[in-house]
Amino acid sequence: MLSIRLLVFGLLSLLLWAAGPAAPAPAITERNLQPQFDQYNVQGSFLLCEEPAGRYVAYRLKRCRQRFLPASTFKIPNTLIGLQTDALSDTAEICRWDGVKRSFPQWNEDMTYARALRVSCVPCYRQLARRVGVARYQQWLQKLRYPGMVVTPATLDTFWLGGKSRISQFEQVDFLRRLQAETLPIEKRHQRAVKQLLILRKTPAYTLYGKTGWRFRSARNPDNGWLVGWLERADGRRAFFALNVEPRPGPVNDDQFIASRRAVTEAVLRELGWL
């Protein structure tokens, strides 16, 4: 019996040695940022990663690991995949309006895909999805290590808005870090083109990049909002972030909820000393 135990121990030791040292767990500091959320009548979680140290700051850490539908934050990988597969010639390509009037007036017109990303034009990206197709999404989502997406023929042009697709704030940040560093398996010219479209504000002190997302409420689920991106300071510091919010119980003012995503993000970045 002893010899069997020694043999098992030896095999386990050999496997651990062959695997090499385990990657150190990232340093995570938890902060109470509830006042910044309360100010805009929302609840949720916030994750920030400082580079180059790789330190994280989290508000409601457990929720930061929870997965939600990506909604229009998926327009970032969607545009990259479209460009890489030639389903999209470039971001200046025109998406033709289908003539259906929708509740967002800015969608009811022809527009470039550059504008479609900025105004989160769902109909344009549904058109693009049908060009990309299920097989290429499955191939490229795996290559990009963009997890949690469930793409089927039935959900091809809606899988980021409904169904089983889910992504966490940690996973969003990981993806953005690789995009910013231009280490995704996508041509660098495409990565640079998409990064330019994500600029929300540019000042002498910093550049703020980001993309919003909004899963509309349904009978089963409340509204859910995202703002993911990063901030580059002139002094060389850089921080990546992912905000996820939901309205507090009670009547929801859509305009206030839409505005809360950026307002809360900037309030948190000020609190943490980044703005």
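Being aromatic (Phe, Trp, Tyr), assigned to a loop (DSSP other than H, G, I, E, B) and within 21 Å of residue 120 (Cα to Cα) is a property that does not hold for residue 175. Residue 160 fulfils the conditions (1) assigned to a helix (DSSP H, G or I); (2) of a type outside the set (Ser, Thr, Tyr); (3) under 12 Å from the mean Cα position of the chain (by Cα) except for a single criterion, (1). For the residues 221, 244, the requirement of being among the polar types (S, T, N, Q) and farther than 26 Å from residue 145 by Cα singles out 221. Any chance the stretch 169-178 includes a residue that's under 19 Å from the mean Cα position of the chain (by Cα), modelled with pLDDT of 95 or more and exposed (fewer than 13 other Cβ atoms within 10 Å of the Cβ)? The answer is no, given that none of the residues of the stretch 169-178 is under 19 Å from the mean Cα position of the chain (by Cα), modelled with pLDDT of 95 or more and exposed (fewer than 13 other Cβ atoms within 10 Å of the Cβ). Listed conditions (1) surrounded by fewer than 16 Cβ atoms within 10 Å (Cβ to Cβ); (2) in contact with a Lys or Arg (Cβ under 6 Å, 6 or more places away or on another chain); (3) not in a loop (DSSP other than H, G, I, E, B) are all met by residue 139, apart from (2). A single member of 90, 110, 157 is open to solvent by 40 Å² or more (accessible area, probe 1.4 Å), charged (D, E, K, R), farther than 30 Å from residue 54 by Cβ and touching a Lys or Arg at 6+ places or on another chain (Cβ under 8 Å), and it is 110. Would you confirm, using the coordinates I've provided, whether residue 58 is in contact with an Asp or Glu (Cβ under 7 Å, 6 or more places away or on another chain) and either modelled with pLDDT of 95 or more or among the acidic types (Asp, Glu) (or both)? The answer is yes for residue 58.
Using the structure shown, decide if residue 134 is among the β-branched types (Val, Ile, Thr), loosely packed, with under 15 Cβ neighbours inside 10 Å, more than 25 Å from residue 199 (Cβ to Cβ) and over 15 Å from the mean Cα position of the chain (by Cα). Working first, answer last.
Values: among the β-branched types (Val, Ile, Thr): yes; loosely packed, with under 15 Cβ neighbours inside 10 Å: no; more than 25 Å from residue 199 (Cβ to Cβ): yes; over 15 Å from the mean Cα position of the chain (by Cα): yes.
Judged against the criteria, residue 134 is not a match.
Residues in the stretch 113-136 that are among the polar types (S, T, N, Q) and part of a helix (DSSP H, G or I): 127 alone. Among the residues making up the stretch 76-112, those that are within 16 Å of residue 130 (Cβ to Cβ), part of a loop (DSSP other than H, G, I, E, B) and either among the acidic types (Asp, Glu) or within 23 Å of the chain's Cα centre (by Cα) (or both) are 85, 86, 87, 88, 93, 98. Please give the number of the condition residue 103 fails out of (1) free of Cβ contacts under 8 Å to residues at least 12 places away in the same chain; (2) surrounded by 15 or more Cβ atoms within 10 Å (Cβ to Cβ). Result: residue 103 passes all but (2).
The values are calculated or read from the model by the stated rules, or taken from the named source; none is laboratory data. As the structure is a computational prediction, the values presented were derived from the model and not from experiment. When we count neighbours, we look across all protein chains shown, and the Cβ atoms used for this are built from the backbone with ideal geometry, even at glycine. Just so you know, the surface numbers come from the protein's heavy atoms only, side chains and all, with ligands and any DNA or RNA stripped out. Shrake-Rupley method; radii C 1.70, N 1.55, O 1.52, S 1.80 Å.
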